[in-house]
Amino acid sequence: MVILDDAPKIPAEVQYKLDNEVERLYSKLKNVGWNKKACEIIAPYTLSINTIKKEKGIKILAHSYQTADIVFGIADIVGDSLGLAKKAKDVEEDTILFCGVDFMAETVKILNPEKTVFVPQKERDCTLADSITAEDVLNLKKEYPGAPVVCYINTTAEVKAESDICCTSANAKKIIENLKEDTIIFIPDYNMGVNLANLTGKNIITWKGFCRTHHAFTKRRLDSINNDSTATTFAHLECRPEIIKEVDLIGGTGDMHRYAKSSSNGKKILYLTEQGFIDRMKGEYPDVQFADSNMICVSMKMNDLYSTLKAISNPTSKNTIELDETVRQKAFKSVNRMLKY
Ligand code: 13P
């Protein structure tokens, strides 16, 4: 039988730190719908992770699709895929813990080979990255000689290594417009390829990959969630072309973030993208009204505070991003080339 009076007492200084942590978390997470009790449950995790990260000199980078406890609880830098690739280059710490999908962590490693880059969970299950191999790229090049290959960031290092230039949703249009060729191979996102052809007027040879999260925004789904005609609709470039035609604005999550930041109080926005990004916006801009998309990227959601604490306390080879040096050097050229856009 447990006699509560005999239960171990939490030392006063620890309790004080925990109470402060709960308040810090609640000040952001309440805007995302979290209650105090939930913040009390996660506070020991966020406190431990933040202490270990300082002791070990680790910077935590997180994509905006991560859950709100990661975004507001432990991340040092939160951003879109282009912003994170650029900011990773300025990180002074020798070690980066990347909360996102592993091909984004690979991009960080491609640009920063001297740093240790690790992830809470290695997760290969991305319908875009999994749709194409380096051999497929070589075959496309043979089929369309002279056409440059633009690869989306959602690809493996091996695919990036066989491509001429990498891109993200934030700079894809600019990159394609700046290429002198009129026929361009764009891999692996079919929707984005068609959208870019419509936006640039170029002849885009595309591939059969889809982002299962953005592809799931059908016209029917848009009609069911778009129930306020005064809301601005803003779709991610990975959405279907028929959705792109219906909305007010298009872009990547970096563009979406800038739009929220510049919006006035009371503005209503419906973002057609992953719910994690919408939760981030709710936490950062509580005076703007964001509709929920309820679309979840399961690969992004593989990370949680428990796996992050485990990885940061005792990282193993299962957490560490390692790349073949020849592949890395070839991939570096295509990734580095996109950073000026
Ligand atoms: P961003 O480039 O907008 O971060 O998009 C990431 C994404 O949607 C990955 O599928």
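The values are calculated or read from the model by the stated rules, or taken from the named source; none is laboratory data. Small disclaimer: the values here were computed from a predicted structure and weren't measured. Using ideal geometry, Cβ is built from the backbone for each residue, glycine included, and neighbour counts are taken over all protein chains shown. Heavy atoms of the whole protein, side chains included, go into the accessibility calculation; ligands, DNA and RNA do not. Shrake-Rupley method; radii C 1.70, N 1.55, O 1.52, S 1.80 Å.
Here are some notes:
- Residue satisfying all of: in the range 82-99; modelled with pLDDT of 95 or more and in a loop (DSSP other than H, G, I, E, B); farthest from the ligand (Cβ to nearest atom) among these: Asp94
- Residue list for the range 227-242, restricted to those being away from the ligand (no atom under 11 Å from the Cβ), under 17 Å from Ala291 (Cα atoms) and not charged (D, E, K, R): Asn227, Ser229, Thr230, Ala231, Thr232, Thr233, Phe234, Ala235
- The residue that is nearest to Leu339 (Cα to Cα), counting only those in the range 151-169 that are aliphatic (A, V, I, L, M), crowded, with 24+ Cβ neighbours inside 10 Å and within 16 Å of the ligand (Cβ to nearest atom), is Ile153.
- Which listed residue is of a type in the set (D, E, K, R) and either touching a strand residue (DSSP E or B) at 6+ places or on another chain (Cβ under 9 Å) or in a strand (DSSP E or B) (or both), from Asp279, Asp287: Asp279
- Qualifying residue in the range 68-81 (condition: open to solvent by 20 Å² or more (accessible area, probe 1.4 Å), within 14 Å of the ligand (Cβ to nearest atom) and either farther than 19 Å from Thr253 by Cβ or not in a loop (DSSP other than H, G, I, E, B) (or both)): yes
- Among the conditions (1) surrounded by fewer than 20 Cβ atoms within 10 Å (Cβ to Cβ); (2) more than 16 Å from the ligand (Cβ to nearest atom); (3) at negative phi, the only one that Ile58 does not satisfy is (1).
- So Leu309, is it over 29 Å from Ala161 (Cα atoms), in contact with a helix residue (DSSP H, G or I) (Cβ under 6 Å, 6 or more places away or on another chain) and away from the ligand (no atom under 15 Å from the Cβ): yes
- Hits in the range 170-196 (condition: open to solvent by 20 Å² or more (accessible area, probe 1.4 Å) and within 20 Å of the chain's Cα centre (by Cα)): Ala170, Lys173, Tyr190
- When residues of the range 255-291 are limited to those that are within 13 Å of the ligand (Cβ to nearest atom) and open to solvent by 10 Å² or more (accessible area, probe 1.4 Å), the one farthest from Asn195 (Cα to Cα): Arg280
- Test set (1) closer than 20 Å to Gln66 by Cα; (2) surrounded by fewer than 19 Cβ atoms within 10 Å (Cβ to Cβ); (3) among the polar types (S, T, N, Q) - Asn303 fails condition number: (2)
- The numbered conditions (1) away from the ligand (no atom under 14 Å from the Cβ); (2) in a helix (DSSP H, G or I); (3) within 25 Å of Asn154 (Cβ to Cβ) are all true for Pro315 except (2).
- Single unsatisfied condition, Ser64 versus (1) under 22 Å from Asn294 (Cα atoms); (2) open to solvent by 20 Å² or more (accessible area, probe 1.4 Å): (2)
- Positions within the range 109-125 being surrounded by fewer than 24 Cβ atoms within 10 Å (Cβ to Cβ), touching a residue at least 24 places away in the same chain (Cβ under 8 Å) and within 15 Å of the chain's Cα centre (by Cα), in sequence order: Gln121, Lys122, Glu123, Asp125
- Residues that are over 17 Å from Lys282 (Cβ atoms) and polar (S, T, N, Q) within the range 9-34 comprise Gln15, Asn20, listed in sequence order.
- Which listed residue is over 30 Å from Cys151 (Cα atoms), at pLDDT 95 or above and touching a Phe, Trp or Tyr at 6+ places or on another chain (Cβ under 7 Å), from Leu29, Leu47, Leu61: Leu29
- The condition of being closer than 22 Å to Thr253 by Cα, away from the ligand (no atom under 13 Å from the Cβ), of a type in the set (Asp, Glu) and open to solvent by 10 Å² or more (accessible area, probe 1.4 Å) holds for Glu106.
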